[in-house]
Amino acid sequence: MLRFCKSLALYGPTKKTYTDRLELLKLIFKSSDDISLIKVIDAQCNVAFIATKLLVNAPSAIEKILCTTDGCNNNNRDIESATLILRFKDVKNLQKSLDNYTKEQVYECGYCYK
Ligand SMILES: [Zn+2]
């Protein structure tokens, strides 16, 4: 999907972008089974819907949990998150917010409390 977006931004609508667009839409929507040879895909939706459908198996973030206590369930665990929730007042601070979001955090284990 990101390659499609890049291609569309760089080259505009071309035969290839229309073909690529069809392949993406076929993953989400069903085409009508008309008697004619023309198939119709009703793709009325918004960008968020398409992004959610196409990126369902691509988490925005993976939180790595690591507890050093022997036998703890949090010994080495990944938690996938579909969204990132950032606090920032100005878009100029977006990179700083992302840097803070990805910083290593140390806190008491929620499983063994050590
Ligand atoms: Zn633990």
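The values are calculated or read from the model by the stated rules, or taken from the named source; none is laboratory data. Computed from a prediction, not measured in an experiment: that's the story for all the values here. Note: ideal-geometry Cβ built from the backbone for every residue, glycine included; neighbour counts use all protein chains shown.
Consider only pairs whose beta carbons are under 9 Å apart and that are at least six residues apart or on different chains; among these, list those whose first residue lies in region 9-25 and is of a type in the set (Phe, Trp, Tyr) and whose second residue is assigned to a helix (DSSP H, G or I) and surrounded by 11 or more Cβ atoms within 10 Å (Cβ to Cβ).
Matching pairs, first to second residue: Tyr11/Thr17.
Could you tell me whether Asp99 is modelled with pLDDT of 90 or more and either under 19 Å from the mean Cα position of the chain (by Cα) or on the phi > 0 side of the Ramachandran plot (or both)?
yes
Could you go through region 65-72 and let me know if any residue there is modelled with pLDDT of 90 or more, polar (S, T, N, Q) and near the ligand (Cβ under 9 Å from one of its atoms).
Yes, region 65-72 contains at least one residue that is modelled with pLDDT of 90 or more, polar (S, T, N, Q) and near the ligand (Cβ under 9 Å from one of its atoms).
Which members of region 70-88 meet the condition of being closer than 26 Å to Phe49 by Cα and without any contact (Cβ under 8 Å) to a residue 12 or more places away in the chain?
Passing the criteria: Ile85, Arg87, Phe88.
Can you pull out every residue in region 1-40 that is under 20 Å from Val56 (Cα atoms) and at pLDDT below 85?
Once the filter is applied, which keeps residues that are under 20 Å from Val56 (Cα atoms) and at pLDDT below 85, region 1-40 yields Met1, Leu2.
Restricting region 90-114 to residues that are within 16 Å of the ligand (Cβ to nearest atom) and touching a residue at least 12 places away in the same chain (Cβ under 8 Å), which is farthest from Asp70 (Cα to Cα)?
Ranking the candidates gives Gly110 first.
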